[in-house]
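S.K.: Input: one structure, supplied below.
Quick note: the coordinates plus some simple rules give every number you see, no bench work behind them. Note that this is a predicted model, so its numbers are computed, not measured. So basically every Cβ, Gly included, is an ideal-geometry build from the backbone, and we count neighbours across all protein chains shown.
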């Protein structure tokens, strides 16, 4: 099975690849070092603003970070469910339905 990184693991690996101490990245992000440490350990969630800053600091695509962040949220939400694949299939159809409904409402 291919290794998939969580948002926190991805962040920690990027920081370490760039030889950046935790305290320095925390200062650049204007957050507490312990908060950043918890995000890296997947004990605390990041937010959209943090993702923007991180993508700039590490010069990576913001969309890549955002997808990793949102997919973590979905995965943790479905982790204990008996039928996560079925839930995702229905959710995908609902997303399309809601997008179409929104388009029709804006016409």
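S.K.: What is the one condition in (1) touching a helix residue (DSSP H, G or I) at 6+ places or on another chain (Cβ under 7 Å); (2) exposed (fewer than 13 other Cβ atoms within 10 Å of the Cβ); (3) within 28 Å of residue 88 (Cα to Cα) that residue 3 does not satisfy?
M.R.: Only one criterion in (1) touching a helix residue (DSSP H, G or I) at 6+ places or on another chain (Cβ under 7 Å); (2) exposed (fewer than 13 other Cβ atoms within 10 Å of the Cβ); (3) within 28 Å of residue 88 (Cα to Cα) is unmet by residue 3, namely (1).
S.K.: Could you give every pair whose Cβ atoms fall below 7 Å, whose first residue belongs to segment 27-53 and is within 17 Å of residue 14 (Cβ to Cβ), and whose second residue is surrounded by fewer than 13 Cβ atoms within 10 Å (Cβ to Cβ), counting only separations of at least 6 or pairs across chains?
M.R.: As it stands, the answer is 33/23, since those pairs meet every condition given.
S.K.: Confirm whether residue 15 is within 19 Å of the chain's Cα centre (by Cα) and more than 23 Å from residue 63 (Cβ to Cβ).
M.R.: The answer is no for residue 15.
S.K.: Is there a residue being without any contact (Cβ under 8 Å) to a residue 12 or more places away in the chain and loosely packed, with under 10 Cβ neighbours inside 10 Å anywhere in segment 62-75?
M.R.: no
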